[in-house]
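S.K.: One structure is given below, represented as structure tokens, and several questions about it will come after.
Since every read-out is calculated from the coordinates, none of them should be taken as a lab result. Since we're looking at a predicted model, the values are computed, not measured. Here the Cβ is made from the backbone with ideal geometry for all residues, glycine too, and neighbour counts use every protein chain on show.
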Amino acid sequence: MNRIAQYTLVSVVVGFASVGLAQQRDSAPVEFQRISERLFQTAGGRGAQGGVYIGDDGVLVIDAKMDEASVKQVIEGIGKLTDKPIEYLVNTHSDGDHIAGNRYFPKTVTFIAHENCRKEFFLPGRDGRPSQWSTPELAPFVPSVTFADKMVVYLGSKPVEFWYFGVGHTTGDIVVYFPEEKTAFIGDQIFLTRPQLIHSYKGGNSFEHVKTLSKMLATLDAEKFCSGHSASTDRKGIADHIAEMKQLQAKVKSLTEQDKTLADVQAEFDQGQARLIESIYNELKAGSAQ
Ligand SMILES: [Zn+2]
């Protein structure tokens, strides 16, 4: 669909004001992709793909998009499916494309995240700039409910499981699991179309990432895994990703043992993998690779 057609669709379907359209210029309209009667993946908009689950009495949203126009589309989309209120918003981790939109949801929503993710809200950015989340205006939109290993929220009779399997992409990535649908929302713990992103500056670690995903496969009987940035995958897709990461790590390890510099090691891989190779290289050098 070309850009003009997208704008027409947004304005016809959602009836945006021109300000919304301006903010929306580089992204497709938010689209609700049905997984089950109650569960949807939200694609499009500015920010990562997330999800919406309609419980007996209220709605749970997974990840927040990044701007007001996208959040407005998510809220309007929910309104077309149900008149139940948005009760919970769970952030899969602390990256801006998953949390920036928290501030555009109603203050009555309960924000949930892993305890490490909440800590990361207040960390300076990669460029060293201080976090905005310490300001009083944003305080109501920082997760107020956190957990360590596992938490279950019941939306009426329907359980939604929040699992933490360990450090990986960041230190606070969680899995939101819907047992009836055997579907897990795993945020940025897998990228199928580009190299895995490891946020070393937040404490992310590629070797831990492999262990964390292996633990997830061993623990959950999930069959479908929804990513923040690529198509969904199945158990084999996750297992293949783990195998590829291990292969990559083994190759970087053997090159590092030959005393090659980072630039020399990176030259042995595709240019697009440079960032991931840097993370693996630094982890090996720092002794944080086990
Ligand atoms: Zn993301």
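S.K.: Would you look at the GNM of the chain, springs on alpha carbons closer than 10 Å, and say which of ILE75, ILE186, ILE99 moves the most?
M.R.: Sorting by GNM fluctuation, first place goes to ILE75.
S.K.: For the peptides 118-126, 199-207, what is the packing order when you average, over each peptide's residues, the other Cβ atoms within 10 Å and list the highest mean first?
M.R.: Listed from highest to lowest mean packing, they are 199-207, 118-126.
S.K.: Quick one: LEU276, LEU248, fewest Cβ neighbours within 10 Å first, how do they rank?
M.R.: LEU248, LEU276
S.K.: Another question, then. List the aspartates and glutamates whose Cα sits under 12 Å from the Cα of LYS246, skipping any in the same chain fewer than 8 residues away.
M.R.: Qualifying aspartates and glutamates at Cα under 12 Å: GLU208.
S.K.: What are the ³J(HN,Hα) couplings of region 196-209, residue after residue, when phi is run through the Karplus curve with 6.51, -1.76, 1.60 and θ = phi - 60°? Round to Hz, x for glycine and proline.
M.R.: Working through the residues one at a time gives 4, 8, 10, 8, 4, 5, 9, x, x, 8, 5, 5, 5, 4 Hz.
S.K.: What is the set of long-range amide H partners of THR110 at a cut-off below 5 Å, with H atoms built 1.01 Å from backbone N?
M.R.: TYR88, LEU89
S.K.: Same structure, new question: Compute the Cα gyration tensor for region 221-290, then decide on rounded, prolate or oblate, letting a ≥ b ≥ c be the square roots of its eigenvalues: rounded whenever a/c is under 1.5, prolate when a/b is larger than b/c in the other cases, and oblate in all that remain.
M.R.: Verdict is prolate for region 221-290.
S.K.: Within 10 Å of each residue's Cβ, count the other Cβ atoms and sort LEU220, LEU39, LEU262 from fewest upward.
M.R.: Ordered from fewest to most neighbouring Cβ atoms within 10 Å, LEU220, LEU39, LEU262 come out as LEU262, LEU220, LEU39.
S.K.: Separate question: Within 10 Å of each residue's Cβ, count the other Cβ atoms and sort VAL71, VAL142, VAL152 from fewest upward.
M.R.: Taking fewest neighbouring Cβ atoms as first place, the list is VAL152, VAL142, VAL71.
S.K.: Now for a different question. With N residues in region 29-239, what two-decimal value do you get for its Cα radius of gyration over 2.2 N^0.38 Å?
M.R.: Relative to the rule-of-thumb radius for its length, region 29-239 sits at 0.93.
S.K.: Which of the aspartates and glutamates could a cross-linker bridge to LYS80, judged by Cα under 20 Å and excluding same-chain residues fewer than eight apart?
M.R.: GLU31, GLU37, ASP56, ASP57, ASP63, GLU68
S.K.: Let me know the charge dipole size of region 32-122 about its Cα centre in debye, to the nearest 20, where only the beta-carbon of Lys, Arg (+1) and Asp, Glu (-1) is charged.
M.R.: Using only the charged Cβ atoms, the result is roughly 140 debye.
S.K.: Suppose only helical runs count, i.e. DSSP H with n ≥ 4. What mean residue ellipticity at 222 nm does that imply for the chain under -39500 (n - 2.57) per run, divided by all residues and rounded to the nearest 500 deg cm²/dmol?
M.R.: Rounded to the nearest 500, it is -10000 deg cm²/dmol.
S.K.: Which lysines have a Cα lying under 18 Å from the Cα of LYS107, excluding residues fewer than 8 positions away in the same chain?
M.R.: LYS65, LYS72, LYS84
S.K.: Using θ = phi - 60° and the Karplus relation 6.51 cos²θ - 1.76 cosθ + 1.60, list the HN-Hα couplings for region 137-153 in order, rounded to whole Hz, with x at every Gly or Pro.
M.R.: 5, 8, 3, x, 10, 7, x, 9, 10, 10, 8, 9, 10, 7, 8, 10, 10
S.K.: Connecting C-alpha atoms closer than 10 Å in a GNM of the chain, tell me which of ASP259, ASP127, ASP95 has the biggest fluctuation.
M.R.: ASP127
S.K.: Sticking with this structure for a sec: Just to check I understand the Karplus step: with θ = phi - 60° and J = 6.51 cos²θ - 1.76 cosθ + 1.60, what whole-Hz values come out for region 111-118, glycine and proline as x?
M.R.: After applying 6.51 cos²θ - 1.76 cosθ + 1.60, I find 9, 10, 7, 5, 4, 5, 4, 4 Hz.
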